[in-house]
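Q: Let me give you the structure first, and then I'll get to my questions.
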Amino acid sequence: MIPRFKPFLDWREIFAAVSIPRKDDIDRFEKAFAKLMGQKHAIAFPYGRTGLILLLEAMELKGKEIICPAYTCVVVAHAIVYSGNIPVFVDSQESDFNMNLDLVPPLINDNTGAIIATSLFGYPVDLDKLDAIRKSFPHVQIIQDCAHSFAAEWNGRPVQQEGDAAIFGMNISKLITSIFGGMVTTDKDWLATRLRQLRTQRLKKPTFIKSLRRFIYLILVYIAFWEPIYGLINRLERIKVLDRFSKYYDESKIDMPKDYLVSMTNVESRVGTTQIKKYTTIINKHRIAAAYFDEKLLRNEEIKRPIIVEGATYSHYVVRCRTQSQSLYQALCNGVQLGQLIEYVVPEMKAYSCRIKRGQCFPIAHSFPKTTINLPVWTEKEKKINRIINF
Ligand SMILES: *Cc1c(COP(=O)(O)O)cnc(C)c1O
């Protein structure tokens, strides 16, 4: 079976995971990450969401309105709430799934603290529009959510560098992984210093048990994504046996993983450092696959292809299709696991629908969960891509 995503792991990550711990493992990971992103500072966290919580705190935002997309990963909204702030959701745009920045200015007031600009599915956020917003509202901080995009570029400008800070997630479904883990990058010295202070104050040191668990999880990932096994894994996933490992949210709850305030382990940082060396290779695979899909699906009238944007990193290749659920099922029968990355609109979830202003609606975002399908874009091998296309 062709899985919907697959981390690019080989013997190098295992070797890194079992090598002798060094005191500066985390430090080295941060330095390599900052260099990769072309930024002065990178600060590692156990999850991207933990980074966001402490970042908002470091920016001294409390009781503020934080503007974010309605169609994004729900953990972003959870982090805003956990930091003592209020999420304000914005509808998406049809073209590239990103937040519609034209809707943002009317939502800004004196109590607005920050905008979380997300480059969803690897599509760079429109930096020209963002520049205009920054100029008109200098009191609003800009946080780039690069969990999907990493170093996507808008007309040659890397998105992560165009704000006060950027956040990244690095679980196994992201472009590069440190098993779990997240990063915050910034060019501002004071912000980096403050974040490091907060991290020391608020996060516990990881125990040996946590490191061991992360290591075992890594080994299980190798086994699970081994193709002969993957069909079985998929079946177990469908009967919800694997929810403990794969389910990351509860429709009606605003919560965090138990260990969200326990620092990243050294094992994770060593795996992450190894992945950084593969970054260019991985992005190229995604770009080649996206271009190939674009060409081959040109004449398919059942589906709407996503736009091709120079500088996008294609963490996901997302088509629109009216017969989504049948297609997902039929593909599985043909040995292709198509995915559906975000199957909700955050302000329409139970946990948030009671919190938003009456009458606010998100018509574009609302249409995404029922019509989007992600094609597996982790391999550039023609044989595999053709199998997906033929289906
Ligand atoms: C994965 C992700 C994050 C961060 O997730 P963590 O699991 O907390 O590391 C943030 N934003 C988006 C859009 C994501 O997909």
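The values are calculated or read from the model by the stated rules, or taken from the named source; none is laboratory data. Because the structure is a prediction, the values reported are computed rather than measured. With ideal geometry, Cβ positions are generated from the backbone for all residues, glycine too; neighbour counts draw on all protein chains shown. Only protein heavy atoms, including side chains, enter the accessible area calculation; ligands, DNA and RNA are left aside. Shrake-Rupley method; radii C 1.70, N 1.55, O 1.52, S 1.80 Å.
Q: Just to check, using Stokes-Einstein with a Kirkwood Rh over alpha carbon pairs, what's the diffusion coefficient of the chain at 25 °C and 0.890 mPa s in µm²/s? Walk me through the intermediate numbers first.
A: Numbers: Rh = 21.3 Å.
It comes out at roughly 115 µm²/s.
Q: Hey, another quick one. Build a GNM of the chain with springs between Cα atoms under 10 Å: which of W190, W11, W226 gets the top mean-square fluctuation?
A: Comparing W190, W11, W226 in a Gaussian network model of the chain, the most mobile one is W11.
Q: Not counting ligands, DNA or RNA, and with a 1.4 Å probe, what is D243's accessible surface area in Å² rounded to the nearest 10?
A: Result for D243: roughly 50 Å² accessible.
Q: Summing +1 for each Lys or Arg and -1 for each Asp or Glu, what net charge is found among the other residues whose Cβ lies under 12 Å from the Cβ of K64?
A: Details: positive: K62; negative: E57, E60, E65, D110.
Neighbour charge sum, excluding K64 itself: -3.
Q: If you don't mind, another one. What Kirkwood Rh does the range 258-391 have if only Cα atoms enter the pairwise 1/r average? Answer in Å. Please report the intermediate quantities before stating the final value.
A: Numbers: mean 1/r = 0.0572 Å⁻¹.
Across the range 258-391, the inverse of the average 1/r is 17.5 Å.
Q: Return the calculated 222 nm mean residue ellipticity for the chain, to the nearest 500 deg cm²/dmol, obtained by summing -39500 (n - 2.57) across DSSP H runs with n ≥ 4 and dividing by the residue count. Walk me through the numbers on the way to the answer.
A: On the way: 15 runs with 159 residues, N = 391.
Per the formula, -12000 deg cm²/dmol.
Q: Please work out the Kirkwood hydrodynamic radius for the range 1-141, using every pair of different C-alpha atoms, and report it in angstroms with one decimal place.
A: Values: mean 1/r = 0.0571 Å⁻¹.
That comes to 17.5 Å for the range 1-141.
Q: What ranking of C361, C146 comes out by heavy-atom accessible area, probe 1.4 Å, highest first? Numbers along the way, then the final one.
A: Details: C361 95, C146 0 Å².
If we order C361, C146 from most to least accessible, we get C361, C146.
Q: Roughly how many percent of the accessible protein surface of the range 172-269 is carbon and sulfur, given a 1.4 Å probe and a whole-percent answer? The partial results should precede the final answer.
A: Values: 3430 of 5600 Å².
Ligands and nucleic acids excluded, carbon and sulfur reach 61 percent.
Q: Given the C-alpha centroids of the range 25-39 and the range 61-120, what is the distance between them in whole angstrom?
A: Using only Cα atoms to place each centre, the spacing works out to 27 Å.
Q: Which whole-number value in Å² is the accessible area per residue of the range 25-115, probe 1.4 Å? Provide the component values of the computation, followed by the final result.
A: Details: 2790 Å² over 91 residues.
Per residue, the range 25-115 has 31 Å² of solvent-accessible surface.
Q: At q = 0.18, 0.24, 0.26 Å⁻¹, what is the log10 ratio I(q)/I(0) for the range 46-98, with the Debye formula run over Cα points and no solvent?
A: -0.57, -0.88, -0.97
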